[in-house]
Amino acid sequence: MQQLKPVDVVIAGGGFVGLTLAKEITARTSLSVVVLERGQPRKTSDYATGMDELDYSLRFRMMQNLAEETATHRHSTRASAVPIRQYGSFQPGTGVGGAGEHWGAISYRFYPEAFKLATFLRDKFAQRLSGELAVQDWGVSYEDIEPYYWRAEQMIGVCGKAGNLEGKKIDGGNVFEGPRSHEYPNPPHKLSYAPTVFEKAVRDLGYHPYPIPTATLSRAYTNPDGVSRAGCVYCGYCTRYGCMIGAKAQPTNILMPVLAKRKNFTLRTGCSVRRVVHRDGKAEGLTYLDASGAEMHQPASIVLVASWTLNNSRLLMLSKLGEPYDPATGKGTVGRNLTHQVSQSTRVFMDKPLNAFMGTGGLGIGISDFDGKEGLDASPGVLRGGNIRLMSTGEGPIASFGMIPPGETQSDWGSDFKKAALAWHDRVAAISTEAEHMAYRQNFLDLDPTYTDKYGDPLIRLTLDWTEHERAQGAMLTKVHAQIANAMNGRAAPPNSRQLERYTVTQYQSTHVNGGAIMGSSPDRSVVNPWLQHWQVPNLWVVGGSAFPQNGSGNPTLTILALTLRTADGLIDRYLKNPGGLA
Amino acid sequence: MKTPRMKRREFLTLPVESIGGVLLYTLAGEPVRLAGQDRGQDKGQTKSGEIRVPLRFFTAAEARVVQAACERIFPKDANGPGATEAAVVIYIDHQLAGPYGSDKYRYTKPPFVESVPEHGYQGKQTPREIYREGVKKLANFTDLPAEQQDQRLRAIETSMFFRLLRQHTIEGMFSDPMHGGNAGLIGWQLIGYPGPLMSYRDEIDKAHGQPWRRKPVSLAQVTGRPVSGWEDEKG
């Protein structure tokens, strides 16, 4: 093992989180910062020939290579886990920018009460709460995090319309959201056809439509870091692709241009981090294998773990940092509160062509009339709801072929199938939902006893299944899907409710897997404090979706970025002045 | 993975008129006459009006079986051209010869354990192996009339081999021609897909409820530079 020259800060992971931390630290201090990224460098011009559905959307060319590393899954501790051998209910990225390159750029805030969910639910339901629920307060309030939401929204250039400006409700925005201090940095996008039909239908039904907030730009925009990007041209190659013109906010187009100019910043690619080195409650650095396979030790005064959510927990476990969570006793912290998100969608067969190949990641209209706490009163037994939306994300010709109303043909091949598929082609929209996923005692992460990565290290193991509550959420929301489809004069196919019968790794849901190294106000029940600083190792910070105590209904990236910016403030403004625990 | 037989050069011979050259109707209802455009660089045309396509993975005999099966999955009929005209078999041949075919991007460490359906395919066999075995079981397939071919396929409808074949047929119909299928952009014309155009900035909020259809273009045509698929990557 080669000992490298010590640096001030070493960061595991060159995605949205790691590079945002590096940007803040190198801008505001003279500390030397080294980022270790396992994948390869990427830049906007690399994406010019990447508009290919087969390689990128269906073969996952930008994602983590599962042959080298994957996760295993089991439904309960009574079952044995098997590896997720192919994609996949979620899609971790790799390479500079991480999953922040191929994301869909949908940029919701979480609801104010979501940050105090345990308190909120106890106040409402005291007696009725199930003993398996493990929801917790985040240790930060919406008011704490609002300024960071605003900074993150400016950094990535979110487009939308405010529905609640400092408490004043505004029609046309999401009137159910928490108060914003500012209008969105950019206006909403122009609309394609299908969302306009949805918008009229939900308005007629008395709901409150709003443009889905997205970080693909609706116009040319320069952010507070001085980074200019072009407006989106709706090419449709968005989610699962890198943006060829840089209209979609990605670490390579908003963070790397700033970092490239910083003398105190070093990015090392092809470097796989293996362990956090620590002794007597102090982190000493990171070990990794470099691009040539040589073992390195990078000593540092501050260690930031900033990889994709599951990999954060895995690195802590492999490094024997903290007490692993035990679902039988409820003791231990590392690996607890694993959540995904409750996804449902309903296909709507329309009478007119949609030109669905046009679009962008978050182009569309949503309603939140059954979201967050609005979901609570809408249906008995439902604690929290979810959004309902219709988007033109850019349909590829392969994946969109063959969507026909159920029962119309006997077979999914042959002449009859071809005839029906051609007749319905480009006339199928989807109403979709993502709902808050509660944390449960029985859903958690640990190291797999059998399966290993390419280096021989254990894979992370997900023990995860749905409960009656998620099925109740799904039923409540898909009932509204059907109502809306009807108001759109569309023909609704039955929703994919089987997806909530048992957790299914073969069906893509979202990459919004969270938890495992959660934040909170007590070291007994969380891994990091409200600044995402490790409770027991104050010079170690574990940053990302791994910190969510449970999942919100919105797409998580904006909340991850807001937490990251707050971590940077805590580290720079507080910790550096007085190194030690901030909570 | 070592496949010695890949070293031997095998060809699939196709009549020129089977690829492109047919009249079809787009969703917009406009008749379009296809030309044999956008063929891959490694397909030579012979004097006799035949195209000899070098195969990367299949033997010529295997390719003929796969081609016939794909044609039943996506047949040429009153609703337009089929898998043979789109050269779907060439697409599949390239995929199997490339990293996908050898499971370079699938987790293939043992133990291989049967599990619940929610965990998907847990087997050891690669797509190459699944095809080799599957095609072997379709002996004499090309000699059968269409109806009996359909019966043979229906009998294996739920097999892993058939599910892959069905999926790959759709992929070969509608993927960019750089991958070997969608010859003459025949698949995209069929569904009115214009190709990976760079911008719909001026179109996105217009033509609402109306089909926006153009003569399709491939990625190479859009970008004006040579493009290649992941299957062509070395290593």
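What is the angle, in °, between the Cα long axis of helix A:193-204 and the longest principal axis of the Cα atoms in chain A? Nearest 10 is fine, range 0 to 90. Value to nearest ten degrees: 80. Segment B:Glu133..B:Arg9, full-extension length gain: 42.6 nm, with 0.36 nm per residue of separation and the alpha-carbon distance subtracted. Note on B:Lys215: no lysines have a C-alpha under 16 Å away, same-chain residues under 8 apart excluded. Once both labels are positioned 7 Å from their Cα atoms along Cα-to-Cβ, the gap between A:Leu205 and A:Thr222 label points is 4.4 nm. Protection proxy ranking of A:523-530, B:131-138, A:284-291, by the mean of other Cβ atoms within 10 Å over each peptide's residues and highest first, is A:523-530, A:284-291, B:131-138. Our coupling estimate for segment A:80-95, obtained by passing each phi through the Karplus curve with A = 6.51, B = -1.76, C = 1.60 and θ = phi - 60°, is 9, 7, 10, x, 7, 7, 9, 5, x, 6, 8, 9, x, x, 7, x Hz, Gly and Pro reported as x. For A:Asp573 and B:Glu114, the FRET efficiency from 1/(1 + (r/R0)^6), where r spans their Cβ atoms and R0 equals 45 Å, is about 0.25.
Under 11 Å from a point placed 7 Å out from the Cα of A:Asp351 along the Cα-to-Cβ direction: which residues of segment A:456-494 have their backbone N that close? Backbone N within reach: A:489-491.
Remark: mean inter-chain Cβ contacts per residue of A:78-88 equal 5, using a 10 Å Cβ-Cβ cutoff to other protein chain atoms. Put simply, the amide H of A:Gly15, placed in the peptide plane, has neighbours under 5 Å in A:Gly97, leaving out anything fewer than 5 places away on its chain.
Any idea what % of Cα-Cα pairs in the protein assembly as shown are farther than 55 Å? Summing the P(r) tail past 55 Å for the protein assembly as shown gives 9 percent. The mean count of C-beta atoms from other chains within 10 Å of the C-beta of residues in A:40-49, rounded to a whole number, is 2.
Across chain A, the mean sequence separation of Cα contacts (distance under 8 Å, 6 or more residues apart), normalised by length, yields a relative contact order of 22 percent.
Ranking A:Glu470, A:Glu295 from most to least accessible surface, computed with a 1.4 Å probe over the protein chains only, gives A:Glu295, A:Glu470. Compared with the rule-of-thumb size 2.2 N^0.38 Å for a compact globular protein, segment A:329-408 has a Cα radius of gyration ratio of 1.56. When the alpha carbon coordinates of segment A:450-493 are projected onto the principal axes, the ranges are 55, 23, 11 Å, largest first. With θ taken as phi - 60° and the Karplus curve 6.51 cos²θ - 1.76 cosθ + 1.60 applied, the whole-hertz 3J(HN,Hα) list for segment A:20-28 is 5, 4, 4, 4, 5, 5, 6, 7, 10 Hz, x standing for glycine and proline. If you sort B:Asp143, B:Asp103 by accessible surface, 1.4 Å probe, largest first, the order is B:Asp143, B:Asp103. Using the Cβ-Cβ distance between B:Asp77 and A:Ser522 with R0 set to 60 Å, the FRET efficiency works out to roughly 0.35.
Pairs of Cα atoms nearer than 8 Å and 6+ residues apart set the relative contact order; for segment A:128-215 it is 29 percent. Once the Cβ-Cβ distance of A:Gln3 and A:Asp326 is raised to the sixth power relative to R0 = 41 Å, the FRET efficiency obtained is 0.70. Peptide B:187-198 has a mean of 6 when you count, residue by residue, the C-beta atoms of other protein chains within 10 Å of its C-beta.
All other residues with a Cβ under 9 Å from the Cβ of A:Trp466 taken together, and with Lys, Arg as +1 and Asp, Glu as -1, what is their net charge? It works out to a net charge of -2. Loop-located GluC sites (Glu not before Pro) in segment A:19-85 (DSSP state not H, G, I, E or B) with no more than 16 neighbouring Cβ atoms inside 10 Å: A:Glu68. Excluding same-chain neighbours fewer than eight residues apart, the lysines reachable from A:Lys320 by a Cα-Cα span under 18 Å are A:Lys282, A:Lys331. Amide H contacts under 5 Å for A:Val82: A:His73, restricted to partners 5 or more places along the chain or on a different chain, H placed in the peptide plane at 1.01 Å from N. Expressed as an acute angle from 0 to 90° and rounded to the nearest 10, what is the orientation of the C-alpha long axis of helix A:557-569 relative to the principal long axis of chain A? It is inclined by approximately 30 degrees. Extension gain for A:Arg279 to A:Phe125 (0.36 nm times residue separation, less C-alpha to C-alpha distance): 51.0 nm.
With a simple spin-label model that places each label point 7 Å from the Cα along the Cα-to-Cβ direction, the separation between A:Ala48 and B:Gln167 comes to 3.3 nm.
Under 5 Å from the amide H of A:Thr214 lie the amide H atoms of A:Ser107, A:Cys159, each residue being 5 or more positions distant or on a separate chain, with H modelled from the backbone and absent for Pro and chain starts. Computed from backbone phi with θ = phi - 60° and the Karplus coefficients 6.51, -1.76 and 1.60, the 3J(HN,Hα) list for segment A:289-295 is 9, 7, 4, 8, x, 6, 7 Hz; x is used for glycine and proline. To the nearest 10 degrees, how steeply does helix A:309-318 sit against the main Cα axis of chain A, on a 0 to 90 scale? The answer is roughly 30 degrees.
Here A:Leu165 sits with roughly 50 square angstrom of accessible surface, probe radius 1.4 Å. Using heavy atoms of the protein chains and a probe of 1.4 Å, the accessible area assigned to A:Ser319 is about 10 Å². Taking 20 Å as the limit for the C-alpha separation, the pairs A:Lys23/A:Lys263; B:Lys109/B:Lys136; A:Lys5/A:Lys263; A:Lys373/A:Lys479; A:Lys43/A:Lys248 exceed it in the case of B:Lys109/B:Lys136.
Could you work out how far apart the two model spin labels at A:Asp416 and A:Gln442 are, taking each label as a point 7 Å from the Cα in the direction of the beta carbon, and quote it in nm? Label at A:Asp416, label at A:Gln442, 4.1 nm between them.
The values are calculated or read from the model by the stated rules, or taken from the named source; none is laboratory data. For clarity, every value in this text was computed on a predicted model and none was experimentally measured. Here Cβ is always computed from backbone atoms with ideal geometry, including for glycine, and neighbour counts include all displayed protein chains. Quick note on the areas: whole protein, heavy atoms, side chains included, nothing else; ligands and nucleic acids left out. Shrake-Rupley method; radii C 1.70, N 1.55, O 1.52, S 1.80 Å.
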